[in-house]
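Visitor: Before I ask anything, here is the structure I am working with.
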Amino acid sequence: MTEDFVEEIENQTRTGFYVTNIPKGILKQFKKLCKENYGDIYWVGISELLKIKSKYDEISTLFSTLSKQIEELKSIKSKGGYKTFGQ
């Protein structure tokens with residue numbers, strides 16, 4: 001119980017965050033994104049970008065699997081197609 005409480009406190013603790021050597025164009029895009037979508041709150045923008053990356057990774061894996069399955073089906077078709085009970 002106390003471990004969960006301590007972890008929750010650590011997750012809510014705020015810290016200063018500094019980025020160095022970021023291209024000005026990228027920073028402008030990020031600020032615009034946060035202003036338009038997240039109430040000009042940068043931590044929300046970072047959090048949402050991390051969620052988007054996680055979803056992208058999931059979709060990328062699924063797409064790769066689907067692509068392999070499509071290629072397998074194409075190779076089966078090129079080798080004479082599928083066999084049915086009547087053949």
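The values are calculated or read from the model by the stated rules, or taken from the named source; none is laboratory data. All values reported here derive from a predicted model rather than from experimental measurement. Cβ sites come from the backbone with ideal geometry, for glycine too, and all protein chains shown count toward neighbours.
Visitor: Can you report the number of residues in segment 35-48 which are assigned to a helix (DSSP H, G or I) and within 18 Å of Thr15 (Cβ to Cβ)? Walk me through it before giving the result.
Guide: Going residue by residue through segment 35-48, those that are assigned to a helix (DSSP H, G or I) are 35-37, 42-48.
Pick out the ones that are also within 18 Å of Thr15 (Cβ to Cβ) and you get 42-47.
Summing the residues that are assigned to a helix (DSSP H, G or I) and within 18 Å of Thr15 (Cβ to Cβ) in segment 35-48 gives 6.
Visitor: Suppose we filter segment 28-43 for residues that are among the aliphatic types (A, V, I, L, M) and modelled with pLDDT of 95 or more; how many remain?
Guide: Of all residues in segment 28-43, those among the aliphatic types (A, V, I, L, M) come to 33, 41.
With modelled with pLDDT of 95 or more added as a condition, the list becomes 33.
Summing the residues that are among the aliphatic types (A, V, I, L, M) and modelled with pLDDT of 95 or more in segment 28-43 gives 1.
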